[in-house]
Amino acid sequence: MLASLGQAVYAAADGVLTTQYVDGRSDSELSGNAWRLTAADGTVFFYAHLSAFGPGLSVGSVVVAGQQIGSVGDTGNPGAGNFHLHFELQRNGTPIDSLPLLQIPSGCRVY
């Protein structure tokens, strides 16, 4: 999702931050700074290319839907200045199209 540098990124559901990827580490070459959030029902949300993590958050932190977990950036492989949020959703290990679940503000375009 294209966005402005530093725009807030919010948890899509209540859950636990189960994995943190940090830009510059070998496991984060593509994602850069990223979170994996796991909901109680096992649904996994993945947020990548963050410029920053939400304050005070670490692996194991319990978050609630709507809580800021980071900020939009271009870390990892998108290329400098290509600010966006890479957002993935998986249920039972199966990728799910997240677009129908998102609330798109009026005035925004979906491509």
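Read-outs: derived from the displayed coordinates by stated rules, not from any lab. Small disclaimer: the values here were computed from a predicted structure and weren't measured. Methodologically, a virtual Cβ is constructed for each residue, glycine included, from the backbone with ideal geometry; neighbour enumeration extends over all protein chains shown.
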Within the stretch 4-20, take every residue that is under 11 Å from the mean Cα position of the chain (by Cα) and buried (at least 16 other Cβ atoms within 10 Å of the Cβ) and give me the one that is nearest to T38 (Cα to Cα).
L17
If a residue must be of a type in the set (G, A, S), in a loop (DSSP other than H, G, I, E, B) and farther than 19 Å from R91 by Cα, how many such residues does the stretch 1-35 contain?
6
I'd like the residue in the stretch 58-71 that is among the hydrophobic types (A, V, I, L, M, F, W, C) and buried (at least 18 other Cβ atoms within 10 Å of the Cβ) and, out of all such residues, is farthest from G81 (Cα to Cα).
V63
Subset of the stretch 18-33, residues touching a strand residue (DSSP E or B) at 6+ places or on another chain (Cβ under 6 Å) and within 11 Å of N77 (Cα to Cα), comes to D23, S28, S31, G32, N33
Which residue pairs have Cβ atoms closer than 8 Å, lie 6 or more positions apart in sequence or on different chains, and pair a first residue in the stretch 91-106 that is in contact (Cβ under 8 Å) with a residue 24 or more places away in the chain and surrounded by 10 or more Cβ atoms within 10 Å (Cβ to Cβ) with a second residue that is part of a loop (DSSP other than H, G, I, E, B) and β-branched (V, I, T)?
R91/T43
